[in-house]
Amino acid sequence: MQLDNLYQEVILDHYKNPQNKSLAGDNDAQVHHVNPSCGDEVTLGVKLEGNRVISVNWEGVGCSISQASTSIMSDLLLGKTLEEAQQISENFLHLMQSKGAEEGDPLVLEDAVALAGVSKYPARIKCALLGWMAFKDASVQAHSKEEK
Ligand code: ZN
């Protein structure tokens, strides 16, 4: 119970004080993703330098889960290489698909383990994944641009 309260605090803190929430004008790629089942929206931009994520910036509206998860993700993936970001994202996706059976590895997911409980509520998993899917989309676009 104590753990749940702590996790709720992490989520609320990110919701109230979102990280990297301000769209940059010079992104390598920018995407807009919507979660129609809840009405959450995220516009997310990514900037790369070679293989490294040097900026994750976003704007969004929606429920606390979607906005907090996007804030946590933007903090977590900033400064990582694309390979590292992909590994962390897959780890988070796995956690969201665990139906409450897993707690998540704080060494890999840091604050994102606070969202582990969401995996028990199938209707909310899309909220938690919205920002992560937007990042995946934007980073693939940014990367393919860089290779040309
Ligand atoms: Zn939502």
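The values are calculated or read from the model by the stated rules, or taken from the named source; none is laboratory data. Nothing here was measured: the structure is a model prediction, and the numbers come from that model. As a convention, Cβ positions derive from the backbone with ideal geometry for all residues, glycine included, and neighbour counts pool all protein chains shown. Accessible surface areas use protein heavy atoms only, side chains included; no ligands, DNA or RNA. Shrake-Rupley method; radii C 1.70, N 1.55, O 1.52, S 1.80 Å.
Return a yes/no flag: does region 25-39 have any residue that is in contact with a Phe, Trp or Tyr (Cβ under 8 Å, 6 or more places away or on another chain) and at pLDDT 95 or above.
Restricting attention to region 25-39, the residues satisfying the condition of being in contact with a Phe, Trp or Tyr (Cβ under 8 Å, 6 or more places away or on another chain) are none.
No, that holds for no residue.
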- Residue selected from region 99-125 under the condition surrounded by fewer than 14 Cβ atoms within 10 Å (Cβ to Cβ) and hydrophobic (A, V, I, L, M, F, W, C), by the criterion farthest from the chain's Cα centre (by Cα): Ala101
- Might you check whether a residue that is within 11 Å of the chain's Cα centre (by Cα) and open to solvent by 20 Å² or more (accessible area, probe 1.4 Å) occurs anywhere in region 55-66? yes
- Query: Hey, does region 70-78 have a residue that's surrounded by fewer than 20 Cβ atoms within 10 Å (Cβ to Cβ) and either more than 19 Å from Gln8 (Cβ to Cβ) or out of contact with any Cys (no Cβ under 9 Å at 6 or more places or on another chain) (or both)?
  - Reply: yes
- Item | Flag if Ala128 is away from the ligand (no atom under 16 Å from the Cβ) and crowded, with 16+ Cβ neighbours inside 10 Å | no
- Members of region 76-131 that are free of Cβ contacts under 8 Å to residues at least 40 places away in the same chain, under 29 Å from Asp28 (Cα atoms) and of a type in the set (Asp, Glu): Glu83, Glu84, Glu90, Glu110
- Message: Show the residue pairs meeting these rules: Cβ distance below 6 Å; 6+ apart or different chains; first residue within region 57-69 and without any contact (Cβ under 8 Å) to a residue 12 or more places away in the chain; second residue more than 10 Å from the ligand (Cβ to nearest atom) and of a type in the set (Val, Ile, Thr).
- Response: none
- Query: Of all residues in region 14-54, how many are open to solvent by 60 Å² or more (accessible area, probe 1.4 Å) and under 22 Å from Gln86 (Cβ atoms)?
  - Reply: 6
